[in-house]
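This report concerns only the one structure given below.
Bear in mind that the values in this text are calculations on the coordinates, not laboratory data. Fair warning: this is a prediction, and the values are worked out from it, not measured in the lab. Here the Cβ positions follow ideal geometry from the backbone for every residue, glycine too, while neighbour counts run over all protein chains shown.
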Amino acid sequence: MLRTDICVCVVFMAAGGSYAQTPISVILEDIDSGTTSPQGQYRWMDVADQLYSVAYQESYDYTQADVQVDLFTNAESLHGTLTAVNLKPHFAYQIKLVGIPGGLDSNERIGLTGRWWQEEWNGSEWTNGQNLNNKGDGSSPNPNDLVYFARRDIPDDIGGSPTGRKYRYTAYLVFDYFITDENGAATLAFDASSSYHVLWKVSQRAHSVGDGPIKATTFSGGDPDPVSAYETVYSEATVEIFGEWERLPPGEVRLPLGHYTGQLILTEESFHGSGLAGGWAAAMGGPVSFTLAPASIPAVSMWGVVILGVLVLTLGTVMIGKRRVAVAA
């Protein structure tokens with residue numbers, strides 16, 4: 001008999017079958033502030049550089065926040081919605097996808113879309129962590145990628161490296177950003193189609209072609225103050241921020257199709273400050289696993305269906321004929 005699974009497969013392909021997007025939810029939790037940066041210094045100023053009260057600094061931590069990311073597996077791109085409650089008020093955050101070092105396939109695809117965090121084995125631990133910071137002209141592979149390719153397989157020349165390699169790379173992709181309201185709340189609909197280096201205020205750096213959209217907020221710190229974050233009422237301020245491009249062109253930098261495992265992480269934006277201005281501390285994170293797949297299997301023309309049908313029937317006839325010959329023999 002002619003195998004029905006072959007027929008079904010052919011008909012499915014000819015008709016242009018599709019993958020069904022499946023929603024998944026990721027709950028973010030308080031994490032080590034040093035992920036991925038070794039600095040991990042929390043910021044105690046809002047986006048306008050207005051100080052939070054000492055009492056707020058001493059009492060607030062990210063266990064008090066609730067953040068959920070709803071996204072889709074079997075989708076063509078990484079897209080979904082982030083919903084946050086009780087983050088820091090009037091505060092800027094990056095949202096990023098972070099790979100797992102050693103998970104070569106998934107981690108590498110993330111890095112070739114985003115950025116690389118490099119560490120070196122010193123005989124007892126991974127140390128000397130730093131970003132590869134030469135993004136070139138925005139095309140890929142960029143100079144950072146070339147360094148990664150040149151160093152990723154260099155063997156450990158000291159001994160004891162758990163990977164047998166001298167260098168370890170953690171890939172990450174900053175794909176969007178947002179500013180919270182006076183309650184520390186935010187809702188962000190995202191579609192990861194751009195790759196960002198870091199965030200800036202327009203007052204710090206001119207927005208250029210290729211950078212992310214300008215996102216603005218106008219507020220008076222401490223008025224209102226529903227979460228009791230301020231001890232001073234500040235004058236009204238308008239702040240505009242944007243993402244500096246890491247790869248170009250914006251809106252067209254997407255993760256390749258495939259399966260991904262890693263973490264979704266919120267990182268505090270410190271705007272290149274120091275001290276109470278922070279140092280890109282990791283705020284919250286959660287493990288994520290998803291697959292990016294084509295929206296549909298390309299359909300063929302009606303003539304293609306006819307030709308495929310003839311081929312399948314011919315194959316079936318030949319197989320039946322061979323079986324009869326074998327039986328007769």
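Figures for the structure shown
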read-out: Length added when fully stretched, A20-A295, from 0.36 nm per residue minus Cα-Cα; value: 98.2 nm
read-out: Neighbour net charge for S124 - beta-carbon separation under 15 angstrom, K R +1, D E -1; value: -3
read-out: Rounded FRET efficiency, nearest 0.05, which uses the C-beta distance separating A216 from A150 and R0 of 35 Å; value: 0.25
read-out: Under 13 Å, Cβ to Cβ, from M284 - net charge with Lys/Arg +1 and Asp/Glu -1; value: -4
read-out: Check: the stretch 134-256 dipole with +1 on Lys, Arg Cβ and -1 on Asp, Glu Cβ, in debye; value: 740 debye
read-out: DSSP-loop trypsin sites (Lys or Arg not before Pro) across the stretch 120-210, with at most 15 other Cβ within 10 angstrom; value: R205
read-out: Net charge of neighbours whose Cβ lies under 14 Å from the Cβ of Q57, counting Lys and Arg as +1 and Asp and Glu as -1; value: -3
read-out: GluC sites (Glu not before Pro) within the stretch 170-259, DSSP loop, no more than 11 other Cβ atoms inside 10 Å; value: E236, E252
read-out: Full-stretch length increase - D105, V233 - with 0.36 nm per residue and alpha-carbon distance subtracted; value: 41.0 nm
read-out: C-alpha center-to-center spacing [the stretch 207-264, the stretch 23-71] in angstrom; value: 14 Å
read-out: The stretch 19-292, relative contact order [Cα under 8 Å, separation at least 6], %; value: 29 percent
